[in-house]
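**Q** Okay, here's the structure, questions in a sec.
The values are calculated or read from the model by the stated rules, or taken from the named source; none is laboratory data. For clarity, every value in this text was computed on a predicted model and none was experimentally measured. Note that each Cβ is placed from the backbone with ideal geometry, even for glycine, and that neighbours are counted across all protein chains shown.
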Amino acid sequence: MSSTNGNIKIDHGSSVPLHEQVAAAIRRAIAEGEAAAGERLPPAKDLAAVLGVNANTVFRALRTLRDEGLVEFRRGRGVSVTELAPRRSLVVAKARELAELARRFGYGPQELAEIVLQVSGGTR
């Protein structure tokens with residue numbers, strides 16, 4: 001993923017928080033194979049400069065992606081895409097869609113978890 005990639009667009013006027021837009025852009029790059037498994041991402045300060053956001057916004061987005069298992073932080077080696085990231089990215093995207101749909105229909109996180117457990121063959 002090049003730090004000068006023109007495909008990443010941040011809408012400063014959007015109601016979607018900037019860190020979520022940055023995380024979504026990186027997720028998309030991973031899902032589309034632009035940022036391959038094992039590849040190091042550009043430094044946060046470089047991404048921030050290209051995107052026109054504060055470096056702390058990029059760090060927040062990267063922490064979100066780390067928590068999702070898509071990237072890993074390595075001391076002295078920067079941030080890299082995890083080996084499972086391309087597949088996991090797609091699953092996380094679908095889970096977000098499902099969570100949004102469940103919210104619109106009034107289901108809470110616990111109820112959604114129970115539904116997923118039921119349909120996946122698990123029991124509660």
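**Q** Give the residue, chosen from Gly38, Gly33, Gly6, that is at pLDDT 85 or above and not in a helix (DSSP H, G or I).
**A** Exactly one residue qualifies, and that residue is Gly38.
**Q** Further, regarding this structure: With a cut-off of at least 2 residues that are hydrophobic (A, V, I, L, M, F, W, C), under 27 Å from Gly13 (Cα atoms) and assigned by TED's automatic domain parsing to the domain that holds Glu32, name the helices (runs of 4 or more DSSP H) lying wholly within segment 43-119.
**A** Correct list: 44-51, 55-67.
**Q** Within segment 11-27, restricting attention to residues that are in a helix (DSSP H, G or I) and aliphatic (A, V, I, L, M), which residue is surrounded by the most Cβ atoms within 10 Å (Cβ to Cβ)?
**A** Per the stated criteria, the residue is Ile26.
**Q** Could you say whether any residue in segment 40-50 is in contact with a helix residue (DSSP H, G or I) (Cβ under 8 Å, 6 or more places away or on another chain), loosely packed, with under 14 Cβ neighbours inside 10 Å and not polar (S, T, N, Q)?
**A** The answer is yes, given that some residue of segment 40-50 is in contact with a helix residue (DSSP H, G or I) (Cβ under 8 Å, 6 or more places away or on another chain), loosely packed, with under 14 Cβ neighbours inside 10 Å and not polar (S, T, N, Q).
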